[in-house]
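First comes the structure, then the notes that go with it.
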Amino acid sequence: MAGDGRSNSATAATADRQSDGRKLGLGTERRDASDWVGWTEPSGLVQPNQLDGLTDCLNRLEEDNNDQEGADGICYEEPDLSGGVEGVDYLIVYGGGDADESSRCALPTPATAPTSPHRGGGGRRAGGAGGGCGVDDAALCDDLLQEVFGLLPPAAAPSVSLVSRRWLALLRASTSRLTLRLPPASTGPSPSAALADLLSRYPYLSALAVVSAAAHDADLLVLAVAASPSATRLTALRFSLGSPVSPATLSAVSLTFSGLTSLHLTALSPLSFRWLACLPCLKSFALVNSATAAVDSTSSTTSPDDAYTEAEAEAVAPLPLERLSLCGIRSGHRGLGWLWQRCGSLRWLQLRACDSIGDGPASTAFPECLHGLLELELRACRSVADRVLLLAADRCHALTSLLVYDGGSREALLHFMHQRGAALHTLDLRLPLDLHNDHLLAIGAHHNAHHSLAVLRLQSCVLITGDGLRSLALTPIGAGIQEVALVSCDVLEREPGLLTFLSQSMRHLRRLDLSYNETLKDKEIGAMLSSCRNLIDIRFTGCRCLTGESLVSLLRHCGRSVEVLDISRCPGIKGPSVEFFAQRTTRLNHLIIEETSASEQLKAIAQTKGIKFQVILTALSSL
């Protein structure tokens, strides 16, 4: 009889969900949470005070369960997404600790897990296990709860998962972007089995990153992801693993991942790219070629991609790639020729720590991918920077952005500036010993330019003098610059008054970054700001000599325009000065400060005025 009761309850709950879905007329499109407040239906009205109660409940749970794991037995952290999938919400460390089992809710079985109207089910009203937090759970349908969950910060996820089985299932169903860090090898289940088990609970992922420093079998992990319920929904995928993935495995799962638009791999061995032809929607691809992959790929004199026939070479099918990032390409690596020949649609190309662009056919095929390029980045590629710059000067007719860090000779860069400098919109250079005044003069010498330089970023360029910057600022191109970054540039120390001259000449300046100029004084900042009243973004990271007087000057001259302020690692700027500035500025919406300056009063001001608060840990500020 007890079994019959549970069966009847389940049947009634299913009928209620379907009925609620028909009453509300729910579709698959997402709505803002405000669309639900005041939504009338025969059974009643969703009141705004219910949402207030829900928020209070979550706040209490977050305080009570601070630093605890969620109901999945996993730890939630802030993400480290450098070089990874864009837009991932939070980081999960699988098996990261030992939480008290009594504080966790049991995992729902498929028979009891609720469905959501967004996923094709009805809007459930009768809750599962009660949350016990003073909220009328029965009055909140699944769709409304998922909308609320989508507005919560990632740090609230563990608290949400501990409320009830229903909330846990809805949290999983509403999670679309996830980063997982696998633990080192242990005596427990294999990493691939653990990964498969965890992903089975998140059926609606669209972006996934799997990170592990241990030498797990990368092919098994890829196969585990391909077997997950959300595999066919994925559009962004990142594997940062301690061992290389094989092209054979990627080819085998390519049909499952046919919807991918972004893919990031840490290692690939052997170096073969033919499987990319099986991903028809792939727009962005990044490969960080690890040391393991380098040994494997150079152990053979040829790559499978070097063996294509002349007939194949004549009938080249272009790849849909628009963004390509390659890291760690070494002299002797083969297989790149096949890739270069099929990248005619590239708009963004990044080479990092590359000693070569490929030997043999790859060397001659590389120029084929440059014709439509809009953005080019060369980071620590001294061996190939000159050749790439010379080719770009001759072939990149549409290039608008150039970034060169730690590589490139004076002559090659000067040739590029004469040929393409006039068309650049963004120029970002970190060349301590290779950038001279001649390069800046070459940019300003173009009088009939169709495009004006809007963004100029210089880092650690010790050979640049005030004369070079003044000469550029006095040209029509220099006068139109809207963003300037002079990061760790000792020319500001050598030539007092330079900042004031630049601010007077660059009348369209809106963004300014003066980070890590440790000797910069308040007097210089005040004089500059008196001539530059339209700044919306200003950054003083690491300017250790600045005090609260600089904030007073900024408030006086740009208090009605500045929106972003970075004063992290500025020990001379104390908390009261920051509070005074935040209280009186009118448009500030993003404040970056050090942990020691984040007082409770400042947090209250930020919350009242809707200022996004970003705190830099004190331990990191000393690095």
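The values are calculated or read from the model by the stated rules, or taken from the named source; none is laboratory data. Worth saying up front: this structure is predicted, and the values here are computed from it rather than measured. So basically every Cβ, Gly included, is an ideal-geometry build from the backbone, and we count neighbours across all protein chains shown. Surface accessibility is based on the protein's heavy atoms, side chains included, excluding ligands, DNA and RNA. Shrake-Rupley method; radii C 1.70, N 1.55, O 1.52, S 1.80 Å.
What the table below lists for this structure:
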read-out	value
Number of positions in the stretch 449-466 that are surrounded by fewer than 21 Cβ atoms within 10 Å (Cβ to Cβ), within 31 Å of the chain's Cα centre (by Cα) and at pLDDT 90 or above	5
Residue list for the stretch 306-359, restricted to those being touching a Gly at 6+ places or on another chain (Cβ under 8 Å), at pLDDT below 85 and open to solvent by 20 Å² or more (accessible area, probe 1.4 Å)	306, 334, 359
Selected residue (criterion: farthest from residue 289 (Cα to Cα)) from residues of the stretch 241-263 that are in contact with a Lys or Arg (Cβ under 8 Å, 6 or more places away or on another chain) and touching a residue at least 40 places away in the same chain (Cβ under 8 Å)	262
Flag if residue 458 is under 21 Å from residue 511 (Cβ atoms) and either in contact (Cβ under 8 Å) with a residue 60 or more places away in the chain or not in a loop (DSSP other than H, G, I, E, B) (or both)	yes
Checklist (1) closer than 21 Å to residue 286 by Cα; (2) at pLDDT 90 or above applied to residue 362, failing item	(2)
Within the stretch 403-430, tally of residues that are modelled with pLDDT of 90 or more, open to solvent by less than 40 Å² (accessible area, probe 1.4 Å) and farther than 17 Å from residue 478 by Cβ	6
Positions within the stretch 257-283 being closer than 12 Å to residue 234 by Cβ and either open to solvent by less than 40 Å² (accessible area, probe 1.4 Å) or touching a Pro at 6+ places or on another chain (Cβ under 8 Å) (or both), in sequence order	257, 258, 259, 260, 262, 263, 279, 281, 282
Top-ranked residue of the stretch 434-448 - restricted to ones that are modelled with pLDDT of 85 or more and hydrophobic (A, V, I, L, M, F, W, C), ranked as surrounded by the most Cβ atoms within 10 Å (Cβ to Cβ)	440
The stretch 499-531, residues that are free of Cβ contacts under 8 Å to residues at least 40 places away in the same chain and of a type in the set (Ser, Thr, Tyr)	500, 503, 505, 516, 519, 530, 531
Helices (runs of 4 or more DSSP H) (entirely within the stretch 147-246) containing at least 1 residues that are within 20 Å of residue 262 (Cβ to Cβ) and modelled with pLDDT of 90 or more	191-199, 218-226
The one condition in (1) more than 21 Å from residue 325 (Cα to Cα); (2) small (Gly, Ala, Ser); (3) crowded, with 18+ Cβ neighbours inside 10 Å that residue 215 fails to fulfil	(3)
Test result for residue 158, within 25 Å of the chain's Cα centre (by Cα), more than 24 Å from residue 286 (Cβ to Cβ), open to solvent by less than 40 Å² (accessible area, probe 1.4 Å) and not small (Gly, Ala, Ser)	yes
Close pairs (9 angstrom Cβ cut-off, 6 or more residues apart or separate chains): polar (S, T, N, Q) in the stretch 429-448, assigned to a helix (DSSP H, G or I) and open to solvent by less than 40 Å² (accessible area, probe 1.4 Å) anywhere	437/468; 437/469; 437/472; 448/422
Residues within the stretch 260-286 that are at pLDDT below 95, in contact with a helix residue (DSSP H, G or I) (Cβ under 7 Å, 6 or more places away or on another chain) and assigned to a loop (DSSP other than H, G, I, E, B), tallied	6
Helices (runs of 4 or more DSSP H) fully within the stretch 467-570 counting 1 or more residues that are open to solvent by less than 50 Å² (accessible area, probe 1.4 Å) and over 22 Å from residue 439 (Cβ atoms)	498-505, 522-529, 548-558
Tabulated pairs, the stretch 569-588, first closer than 15 Å to residue 600 by Cβ, second of a type outside the set (Val, Ile, Thr) and surrounded by fewer than 19 Cβ atoms within 10 Å (Cβ to Cβ), C-beta under 6 angstrom, 6+ apart or interchain	575/599; 579/601
Residue that is small (Gly, Ala, Ser), under 29 Å from residue 173 (Cβ atoms) and touching a Ser or Thr at 6+ places or on another chain (Cβ under 9 Å), where the choices are 272, 230	230
Yes/no for residue 554 being within 21 Å of residue 534 (Cα to Cα) and in contact (Cβ under 8 Å) with a residue 12 or more places away in the chain	yes
